1. Kindly indicate which of L120, L80 is aliphatic (A, V, I, L, M) and under 24 Å from P241 (Cβ atoms).
2. (1) assigned to a helix (DSSP H, G or I); (2) at pLDDT 95 or above; (3) under 19 Å from the mean Cα position of the chain (by Cα): which one isn't true of M175, the others all being true?
3. Can you run down the residue pairs with Cβ atoms below 9 Å, 6 or more apart or on separate chains, where the first is in the stretch 78-92 and among the polar types (S, T, N, Q) and the partner is in a helix (DSSP H, G or I)?
4. Tell me the residue from V149, V187 that is outside any helix (DSSP H, G or I), buried (at least 21 other Cβ atoms within 10 Å of the Cβ) and among the β-branched types (V, I, T), please.
5. What's the number of the only condition in (1) modelled with pLDDT of 95 or more; (2) assigned to a loop (DSSP other than H, G, I, E, B); (3) in contact with a strand residue (DSSP E or B) (Cβ under 7 Å, 6 or more places away or on another chain) that S167 fails to meet?
6. Of all residues in the stretch 269-311, which are outside any loop (DSSP other than H, G, I, E, B) and of a type in the set (F, W, Y)?
7. Of the residues A281, A238, A306, A310, only one is more than 16 Å from G211 (Cα to Cα), crowded, with 18+ Cβ neighbours inside 10 Å, of a type outside the set (D, E, K, R) and in contact (Cβ under 8 Å) with a residue 12 or more places away in the chain; which?
8. Under 7 Å between Cβ atoms, at least 6 apart or on separate chains: pull out the pairs that start in the stretch 94-111 with a residue that is touching a residue at least 60 places away in the same chain (Cβ under 8 Å) and farther than 19 Å from V44 by Cα and end on any residue that is surrounded by fewer than 24 Cβ atoms within 10 Å (Cβ to Cβ) and among the β-branched types (V, I, T).
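The values are calculated or read from the model by the stated rules, or taken from the named source; none is laboratory data. Every value quoted in this text rests on a predicted model; they were computed, and no experiment measured them. Here the Cβ positions follow ideal geometry from the backbone for every residue, glycine too, while neighbour counts run over all protein chains shown.
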Amino acid sequence: MTKQPPWTAEHIPDQTRRVFVVTGATSGLGLATTRALARKGAHVILAVRDEHKARRAVEQITAEQPGAHLEVRRLDLADLDSVRAFADGLHSDRGRLDGLINNAGVMAPPRTLSAQGHELQFAVNHLAHFALTGLLLDLLAEGNDSRVVTVSSTNHRQGRLLFDDLSGERTYAPMAFYNQSKFANAVFGRELHRRLTAAGSPVRSMLAHPGYTATNLQTSAPVGLVKLLYGRLLIPLAQSPDRGALPQLYAATAPDAAGGQFFGPDGMGELRGAPKRVPLAPAADDAETGRRLWELSERLTAVRFALPAAG
């Protein structure tokens, strides 16, 4: 049997007339994802906090790809009011979406609270993307082969939900709360899959992680030993953003990517390589944990999905 070549961005099918929202699209994985989708003809909405930086990214991509279909819209994931305003703006002039890539994130900052008073990593990495997905689900339901791709991490396997201290008021450790947020991403992606399936929705929910990839995630927020280790000492071992984005691009576009699946690099320790299906931590696939996080997230965001509870 002939061995299939590793999957690359060149394998992305034609995306002409498909519309994607990519959060955190100005650098790293988000920029690489935007560039790859635009190269295949997609219209990509860069959902960003810094519009000036996003316009520079658009100039960079269009210089490489004249005629690329790109659009900049402001979205501050640390403020749920901004999430609602972003969703309202899309509803005002878009009849459908074909993909939402919940990519943006923050890693291991000093304890900080969001505009609504939630611990920043849980707020940005999970709650904002939960709310954004719920608010855009009707547009996704109108799309063609629509998919929600939520970007987690191998760190989800070290995470757990600290239901008795979600804000870190009593005890805060930057990496423990990063791991919690990535665990929440994984739990949400699977619970969304269960609920979409129960509703008979055409929208699919997938999960992806980039392995160890050199982005500003390791340098923009972490402090102390975390920044030294991940932002300097280990960077030579990291793969490029173009490579790190492949699992989420596979989840978003590959014809054989099924709902509920988790994709990551195929190399040793899932640190680098071509995308493949990888295992989810059993704790992240627990239906009771999924229900509990879902109900909590609805309360904290005041966003309710028009989906039945799974099972």
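1. None of the others qualify; the one that does is L120.
2. (2) is the only condition that M175 fails.
3. That search, which allows pairs on different chains as well, returns S82/A128.
4. None of the others qualify; the one that does is V149.
5. Looking at each condition in turn, S167 falls short on (1).
6. Of everything in the stretch 269-311, just one residue is outside any loop (DSSP other than H, G, I, E, B) and of a type in the set (F, W, Y), namely W294.
7. From the options A281, A238, A306, A310, the qualifying one is A310.
8. A108/V226; P110/V223
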